[in-house]
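Trainee: Got a structure here, written out as structure tokens. Questions coming.
The values are calculated or read from the model by the stated rules, or taken from the named source; none is laboratory data. Please read these numbers as outputs of a predicted model, since none were measured by experiment. So basically every Cβ, Gly included, is an ideal-geometry build from the backbone, and we count neighbours across all protein chains shown. Note: accessible area is taken over every heavy atom of the protein model, side chains too, but ligands, DNA and RNA are not part of it. Shrake-Rupley method; radii C 1.70, N 1.55, O 1.52, S 1.80 Å.
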Amino acid sequence: MNRRAAALVVGATAVLAILALAWWSTAGRQTVDTPIRQEPQPVSSAELINAELYFPNTAGWLGTESRDLPAAESAEDRAAQVASELLAGPTAPGHVAPLSEAVELASVHLSSDGVVYLDLAAAQLPAPPVSGSRGELLVVYSFVNSILANVPEARGVVLLWNGNQRPTFAGHVDTTRPLPLERKWLAKRAS
Amino acid sequence: MTERFQPALSLLILAVGALGPAALAAEVEETGPPLVESGLVQLEVGRQRAPIGYSLTVVGPLFALQPMVARLGGALELGPLGQGHTLKLDETEFRFGPDSPALTEGEEIVSLSQPPRVGEGGLHVPLDLLDSTYGARYGLEFSWQAETLQLAVIQRPPREVAVSVDVVRVQGVSTVVFQFSDKPRYRMVRRPGSVELQLTGDRLRYGRRPSLPDAGLVRGLELEPRYVRLTLAPDAVAEDYTLERPFRLVFDVYRGANRAPGTAAVPPPPRPSDDGIRTIVIDPGHGGSNIGAEGPAGALEKELTLQLARTLRSHLERRMPVRVVLTRNEDAELPLDTRVAMANQQKADLFISLHLNSSPGQSAQGAETYFLNLVASDERAAQAAAAENADPLTDLQLILWDLAQSHHMAESQRLAGLIQEELNEALELRNRGVKQAPFRVLMGAAMPAVLVELGFLSNPLEEERLTDPLYRSRLAGALVDAVSRYKAIREGVPPATQETLR
């Protein structure tokens, strides 16, 4: 190998390394401009699991988005992944994030009887934002349906806010009991 | 404020009374527009003059109502501290609150320039309240001279209102329709065998005059400028209602209990029944600091649901013999569990929670009716419920919950279906259907219970409609039709009337 060929190999390796670094830094933060599967994946397909996420849409239903997420080590981690993806926001037009950017995932706990306790937290918001009942149903079932659709070990979801279980999420929907999957809020056509 | 608190309120108002009117005035002054001055002015009625209390705020003048009632007639019932007052002029009741710039007459809501306040000589009210009550009912005109501090009350010359009259007889029911060129001022006087419409300040000019059907239930129809009298058959009953645009007064006349042999399809008055609907609790959603949904133009769910509830109560009480209780009749915060507890305490036969919807974006529209989601909706949910049942405490909660709810589930679904049908038909709203949801306000109700979302405040077009009192009246009319149909099914009698109040 002459010096020119060696330089080409080194240059190509550097470009590949930069591309790999760029992919790694953006993985997990999906945006409209960077769909998850545009570039070759550095991990095998066996390490990715397809997840179905449900986001509120502007017509008053839950629209579906499909995403490939890294395989989680536990059901609890998978629930946390799903909730984080929802909080990060949608990629499809017409979909909206269920909660504002000020809300973060504080903790997830999966009980032995299959109930996911999802603690959402916002330092500046002592209670979830108030809306009409449909808006509240969409927020609640965005999390409930997304988790139950992707975590087979889970049977119901209890939503907490800043570590507390509230009588209702934001004035309408009872959150004193685990909520089961409800497909009736899904839009008839997946977005 | 609930009726349960009224004894305590009575004690409180006595205590306030002992402190003197100034204490009460000071409390009320905090909520109204700033006071500029107060004192006495001259009230002129005909040739008589008398001093009455007066306040001037930055919005305008207010005048003591009690001396006005003593001179002009009527009866005034002052509610306990913080609650509404009632001015009764003949058969008409006007209700207004201490802190609210609004006046209600039946289903009508009139906005006032400012809320009443307490001052010299008792309760002070703005001029537009006097115009909407004494002006509308008695044809009186109030002329305020700020320079001379004189309030003159004069009798307006009678207004002439054109009216046409039609009588039709279908399936044993005689319907008499009066169509007016403008809404007249009148009062209705019912006597055995007759109903009389007495004009108060207006005169009627008749256009089309009907001929009465032979052997009909309306035996006589006297049409005079100052009154209309319907003479009824001995066993006939006349129910009245009004329609808008143009204003119409309609009488449905049918045979009462002693109907003649061979007559059929006649709606008799509801008979008492163990399964009857006697008490209805209406729950205006949200209130106080819990404003609920907010429209793009600023309409608040808590305010519109209260106005809708008041209108619905008025429609219901006029249309059928029921007692209607509101969980809140003011802008107050009320826990969800307290609302349904009130319905249980009142031994209500129906519980209807009124709400306005919102969702992301502005395109969602239409009405939807909910009843409680008690049963887990799929296999995994059933597993979740089974898992919960493993806990003895949860098991007990579920049993109590089931006892309170399951008996009424089918009836709630039936009522929800009727409400949705009537809303779709009467208002041509987009049908979003009947649904089940785990709404806290419906839990524990020991009666059929529904939550009605009457439109999307997040949709600018629906927000505009919902702020229109006429549109709200139509919504209330549709709900009354649904309740009437449900009541008829439960009691095994035909609905109270076939017409929708609009």
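Trainee: Taking only the stretch B:50-78 into account, find how many residues are within 22 Å of the chain's Cα centre (by Cα) and touching a residue at least 12 places away in the same chain (Cβ under 8 Å). Steps first, answer last, please.
Mentor: Taking the stretch B:50-78 first, the residues within 22 Å of the chain's Cα centre (by Cα) are B:74-78.
Applying the additional criterion that residues be touching a residue at least 12 places away in the same chain (Cβ under 8 Å) yields B:74-76, B:78.
Number satisfying all stated conditions: 4.
Trainee: Enumerate the pairs (first residue in the stretch B:182-203 and of a type in the set (Asp, Glu); second residue anywhere and assigned to a strand (DSSP E or B) and open to solvent by 30 Å² or more (accessible area, probe 1.4 Å)) with beta-carbon separation below 6 Å, excluding pairs fewer than 6 apart on the same chain, so at least 6 apart or on different chains.
Mentor: Qualifying pairs under 6 Å: B:GLU196/B:VAL189; B:GLU196/B:TYR227; B:GLU196/B:ARG229; B:ASP202/B:ARG159.
Trainee: Take B:LEU312 and tell me if it is farther than 22 Å from A:ASN57 by Cβ and touching a strand residue (DSSP E or B) at 6+ places or on another chain (Cβ under 8 Å).
Mentor: yes
Trainee: Just to check your reading of the model, which residue among B:THR327, B:THR394 is more than 8 Å from chain A (Cβ to nearest Cβ) and modelled with pLDDT under 50?
Mentor: B:THR394
Trainee: Restricting the search to the stretch B:43-60, which residues are open to solvent by 40 Å² or more (accessible area, probe 1.4 Å) and touching a Ser or Thr at 6+ places or on another chain (Cβ under 8 Å)?
Mentor: B:LEU56, B:VAL59
Trainee: When the residues of the stretch B:333-366 are filtered to those that are among the aliphatic types (A, V, I, L, M) and assigned to a loop (DSSP other than H, G, I, E, B), which remaining residue is surrounded by the fewest Cβ atoms within 10 Å (Cβ to Cβ)?
Mentor: B:LEU334
Trainee: Here's something else I'd like to know. So which residues in the stretch B:428-454 are more than 10 Å from every other protein chain (Cβ to nearest Cβ), within 14 Å of B:ASN357 (Cα to Cα) and crowded, with 22+ Cβ neighbours inside 10 Å, if there are any at all?
Mentor: B:VAL452, B:LEU454
Trainee: If a residue must be open to solvent by less than 20 Å² (accessible area, probe 1.4 Å), among the hydrophobic types (A, V, I, L, M, F, W, C) and either more than 13 Å from chain A (Cβ to nearest Cβ) or in a loop (DSSP other than H, G, I, E, B) (or both), how many such residues does the stretch B:455-465 contain? Quick ask: steps written out before the conclusion?
Mentor: If we filter the stretch B:455-465 for residues that are open to solvent by less than 20 Å² (accessible area, probe 1.4 Å), which is where we start, we get B:455-459, B:462-463.
Within this subset, residues satisfying the condition of being among the hydrophobic types (A, V, I, L, M, F, W, C) are B:456-457.
Still in the running and either more than 13 Å from chain A (Cβ to nearest Cβ) or in a loop (DSSP other than H, G, I, E, B) (or both): B:457.
Final tally of qualifying residues: 1.
Trainee: A further question on this structure: I'm trying to understand the selection: among the residues of the stretch B:466-491, which are part of a helix (DSSP H, G or I), under 21 Å from B:LEU300 (Cβ atoms) and either touching a Gly at 6+ places or on another chain (Cβ under 7 Å) or of a type in the set (Ser, Thr, Tyr) (or both)?
Mentor: If the condition is that a residue be part of a helix (DSSP H, G or I), under 21 Å from B:LEU300 (Cβ atoms) and either touching a Gly at 6+ places or on another chain (Cβ under 7 Å) or of a type in the set (Ser, Thr, Tyr) (or both), then B:LEU466, B:TYR471, B:SER473 are the ones that fit.
Trainee: Suppose the filter is in a strand (DSSP E or B), free of Cβ contacts under 8 Å to residues at least 60 places away in the same chain and in contact with a strand residue (DSSP E or B) (Cβ under 8 Å, 6 or more places away or on another chain); does B:VAL168 pass it?
Mentor: In short, yes.
Trainee: Among the residues of the stretch A:83-94, is any at the interface with chain B (Cβ under 7 Å from one of its Cβ atoms), open to solvent by 20 Å² or more (accessible area, probe 1.4 Å) and not in a helix (DSSP H, G or I)? Outline the logic, then answer.
Mentor: Filtering the stretch A:83-94 down to residues at the interface with chain B (Cβ under 7 Å from one of its Cβ atoms) leaves none.
No, the stretch A:83-94 contains no residue that is at the interface with chain B (Cβ under 7 Å from one of its Cβ atoms), open to solvent by 20 Å² or more (accessible area, probe 1.4 Å) and not in a helix (DSSP H, G or I).
Condition check ((1) in a strand (DSSP E or B); (2) surrounded by fewer than 16 Cβ atoms within 10 Å (Cβ to Cβ)) across all residues:
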site	(1), (2)
B:LEU62	yes, no
B:GLU93	yes, yes
B:PRO115	no, no
B:THR133	no, no
B:ALA152	yes, no
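Trainee: In the stretch B:315-332, what residues are open to solvent by 20 Å² or more (accessible area, probe 1.4 Å) and polar (S, T, N, Q)?
Mentor: Result: B:ASN329, single match.
Trainee: Let me ask something else about it. Just name the residue that is nearest to the chain's Cα centre (by Cα) out of those in the stretch B:204-234 that are under 14 Å from B:SER174 (Cα atoms), touching a residue at least 40 places away in the same chain (Cβ under 8 Å) and surrounded by 15 or more Cβ atoms within 10 Å (Cβ to Cβ).
Mentor: Within the stretch B:204-234, the match that is nearest to the chain's Cα centre (by Cα) is B:LEU230.
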